[in-house]
Amino acid sequence: MALNETLHKLDTIAHSHGTVAVLGSMNADYTVTTPRLPGPGETVTGGPLTILPGGKSGNQAAAAALLGARVQMLGAVGSDSNAHFLLDKLQSAGVDTSAVLKTNGPSGTTVITVDAHGENTIVYSPGSNATVSPDYVAAHKRVIEQASALGLCLESPIEAVTAAARIAHAAGTRVLLNDSPFSATLPPELIKNSDILLVNEHETAQLLGIDEPEDDDWHALDWGRLQEKFHHFGFDEAIVTLGAHGSIVLDRTSEEPIVSIRPVSVDAVDTTGCGDAYMGTILAGLASHLTLVESARLASYVSAYAATGHGAQASYGTTSQIQALFV
Ligand SMILES: Nc1ncnc2c1ncn2[C@@H]1O[C@H](COP(=O)(O)OP(=O)(O)O)[C@@H](O)[C@H]1O
Ligand SMILES: [Mg+2]
């Protein structure tokens, strides 16, 4: 069977070699599944430990590189064995890690427990991610200036994130900001120097001060009103992801300012890292001169593919793997 028009556009990314820079976090995710989550002072016995590559920025970089974009990772790993592990995994995905800083001490880590119902607890230990400074960003100014799109999230020191946005904006590099882990207050300079905001539905509700719909019917919300709220917050372009309900692209400057993107139906086994796969696709799409809506339609497939496997980066597909699943 032939590929549909959207899946065909994945080839555009693979062939255009657009350049993406991602500044931020890389973490080794330590996960144990237990029958129930331990209470304070309690020990429970869990299943085998899995150690998988994660960190929002590393995930976003891997997703974009697997689609064929040229991706430069900016961030820091430590002096432990996880440093090699994280860099190896990114390099296997095709990410250029030559500008990643190596510091003394542990790399970024998350310690995750998941119970039989899928409920979890997560402790994030930033480790080397916390050493990413405005000076490091300034030293890699050219990487940001030469990229078509820059991806940012909030797992790194906010001063460094803001410095990167400032350099990108001055150079005409499009800045995609993921307000996650969620912060209600962003530095005005970061908002001013970012072009597009990407948030999930829960982050959107907190950011804009709206109630979550009781029946989970996010599509029924008045998106025109929310678009005005994003505008007052400082963004004319925003993407809201809605989990299994798809996503919404808001672009106040476009002839079609509100576009609903259909989810792609899959047998989901683990949705960890779906948001990052989505964001990596938007970065790759923008760097390949696709529109925000075209990029979002692709992201719907790429992130749905990520829901069919366990882990974050470990569940991401290449262009041909993704096309093969949905043909
Ligand atoms: N169960 C699912 N089936 C198909 N697509 C999914 C599923 N869960 C997530 N996605 C896709 O991944 C995107 C991001 O997921 P979402 O849960 O909104 O992000 P986050 O991980 O940041 O919470 C969604 O917009 C959707 O396109
Ligand atoms: Mg979600």
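The values are calculated or read from the model by the stated rules, or taken from the named source; none is laboratory data. Please read these numbers as outputs of a predicted model, since none were measured by experiment. Keep in mind that these areas ignore ligands, DNA and RNA; they rest on the heavy atoms of the full protein, side chains included. Shrake-Rupley method; radii C 1.70, N 1.55, O 1.52, S 1.80 Å.
The listed residues K192, K89, once ranked by accessible area (1.4 Å probe) with the largest placed first, stand as K192, K89.
Quick one: which residues, 5 or more positions from D179 or on another chain, have an amide H under 5 Å from its amide H? H modelled 1.01 Å from N in the peptide plane, none for Pro or chain starts. Counting only residues 5 or more places away or on other chains, the set is L198.
How large is the translational diffusion coefficient of segment 23-165 in µm² per second when you combine the Kirkwood radius over alpha carbon pairs with Stokes-Einstein at 10 °C and 1.306 mPa s? Mind showing how you got there, number by number?
On the way: Rh = 15.9 Å.
So the translational diffusion coefficient is about 100 µm²/s.
Among the DSSP beta bridges whose two residues both lie in the chain, what percent are antiparallel, rounded to the nearest 5? Write down the numbers at each step before the final one.
Values: 20 of 52 bridges.
Antiparallel bridges make up about 40 percent of those DSSP assigns within the chain.
Keeping the other protein chains in place, figure out the carbon and sulfur percent of the accessible area of segment 110-180, with a 1.4 Å probe.
Working: 1670 of 3040 Å².
Summing carbon and sulfur atoms, their accessible area is 55 percent of the total for segment 110-180.
Within segment 131-286, DSSP assigns beta bridges of which about 45% are antiparallel (rounded to the nearest 5).
Kindly work out what percent of the DSSP beta bridges joining two residues of segment 23-97 are antiparallel, to the nearest 5.
On the way: 5 of 8 bridges.
Antiparallel bridges: around 60 percent, rounded to the nearest 5.
Estimated from helical segments only, the mean residue ellipticity of the chain at 222 nm is -10500 deg cm²/dmol, where each DSSP H run of four or more residues counts as -39500 (n - 2.57).
At 1.4 Å probe size, with the rest of the protein present, what percent of the exposed accessible area of segment 1-49 is carbon and sulfur atoms? Show your work: numbers first, answer last.
Values: 1550 of 2650 Å².
The C+S portion of the solvent-accessible surface of segment 1-49 is 58 percent.
These residues, E228, E159, E5, go from largest to smallest accessible area, 1.4 Å probe, as E5, E159, E228.
Please report the carbon-and-sulfur percent of the accessible area for segment 215-327; probe 1.4 Å, protein heavy atoms only, DNA, RNA and ligands left out.
48
The heavy atoms of H245 present about 70 square angstrom of accessible area, all protein chains included, probe 1.4 Å. Just the Cα atoms of the chain, one point each, no solvent: what log10 I(q)/I(0) does Debye give at q = 0.07, 0.10, 0.13, 0.14 Å⁻¹? Summing over Cα pairs of the chain leads to -0.26, -0.54, -0.94, -1.10. One Cα centroid belongs to segment 105-130, the other to segment 203-218; the line between them spans 26 Å. Probing with 1.4 Å while keeping every protein chain in the model, the per residue accessible area of the chain equals 43 Å².
Legend: distances between Cα atoms for K56/K229; K89/K192; K102/K192; K9/K229; K9/K89; K56/K141; pairs beyond 29 Å are K89/K192; K102/K192; K9/K229.
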